[in-house]
Structure formats: C-alpha cells, structure tokens
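Notes follow the structure.
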Amino acid sequence: MKIGSTTVTATLSGLNGSATVTVAQPNLVSISVAPDTTTVSAGNTQAFTATANYDNSTTLDITTQVTWSSSNIAVAKCRTQREATAWRPP
C-alpha cells in the first residue's frame, strides 16, 4: 500500500456513500531485542534479533539494519552483525 489518501465509495440503486481513507507512515515507538536476558559461557557466541515496534501495532525485523554494540566490551563484544561473543580468559 502507498502513503496517501483516497475516497472509497459504495453505490447501490443510484445512491452513493463515501469515506476518506488516509494511509500514513507508522511511527517507530520502540525496538525490542531478543533474547532480552541470556547467559553465555566464556568464549561462546549469542545471536540476537531486533524488532521495530510501531504505533499501529505492526512490527518489523530490523536485525540487519541496526548497529549493534556492547556497553562493556571487557565482558562481551559484538563481533558481527547481531552476535555477541563472551570474553574468554587467556
């Protein structure tokens, strides 16, 4: 469907009724990351997914579109798109 407006008309026996339909771009309201909590053994990798949540209750997988980062790279690093690798002791 395209963004914009249109008029929908119902006709019967020469009579018409109409309504205006406007299709608007939904607004992004949040991003969910799954799993939201996980435990990973040292040296192992955990894959994550990111989902966009919109104000019209729709969702979209944005896993490959987001930029992934770790708040503490001494614990885990995001080495590839969507994966974090846990620190491995020497």
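The values are calculated or read from the model by the stated rules, or taken from the named source; none is laboratory data. Note that the coordinates shown come from a computational prediction; the quantities given were computed from them, not determined experimentally. Cβ: placed from backbone, ideal geometry, glycine included. Neighbour counts: every protein chain shown.
Some points to look at:
- Verdict on Thr63 being within 22 Å of Thr85 (Cβ to Cβ), surrounded by 12 or more Cβ atoms within 10 Å (Cβ to Cβ) and either of a type in the set (A, V, I, L, M, F, W, C) or in contact (Cβ under 8 Å) with a residue 24 or more places away in the chain (or both): no
- Those residues of region 1-37 which are surrounded by 12 or more Cβ atoms within 10 Å (Cβ to Cβ) and touching a Phe, Trp or Tyr at 6+ places or on another chain (Cβ under 9 Å), in sequence order: Pro26, Leu28, Val33, Ala34
- Region 6-25: number of residues that are within 30 Å of Ser57 (Cβ to Cβ) and part of a strand (DSSP E or B): 12
- When each of Ser18, Ser5, Ser69 is tested for being of a type in the set (S, T, N, Q), free of Cβ contacts under 8 Å to residues at least 40 places away in the same chain and within 30 Å of Ala86 (Cβ to Cβ), the lone residue that passes is Ser69.
- When every residue of region 33-50 is checked against the conditions, at least one turns out to be in contact with an Asp or Glu (Cβ under 9 Å, 6 or more places away or on another chain) and touching a residue at least 40 places away in the same chain (Cβ under 8 Å).
- Of everything in region 66-76 that is more than 15 Å from Thr38 (Cβ to Cβ) and either modelled with pLDDT of 90 or more or surrounded by 10 or more Cβ atoms within 10 Å (Cβ to Cβ) (or both), the residue that is farthest from the chain's Cα centre (by Cα) is Ile73.
This table checks each residue for (1) part of a strand (DSSP E or B); (2) small (Gly, Ala, Ser).
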{"site": "Gln46", "(1), (2)": "yes, no"}
{"site": "Ala52", "(1), (2)": "yes, yes"}
{"site": "Asn56", "(1), (2)": "no, no"}
{"site": "Thr64", "(1), (2)": "no, no"}
{"site": "Ser70", "(1), (2)": "no, yes"}
{"site": "Ala74", "(1), (2)": "no, yes"}
{"site": "Arg79", "(1), (2)": "yes, no"}
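- Number of residues in region 48-64 that are of a type outside the set (A, V, I, L, M) and closer than 15 Å to Ala34 by Cα: the value is 8.
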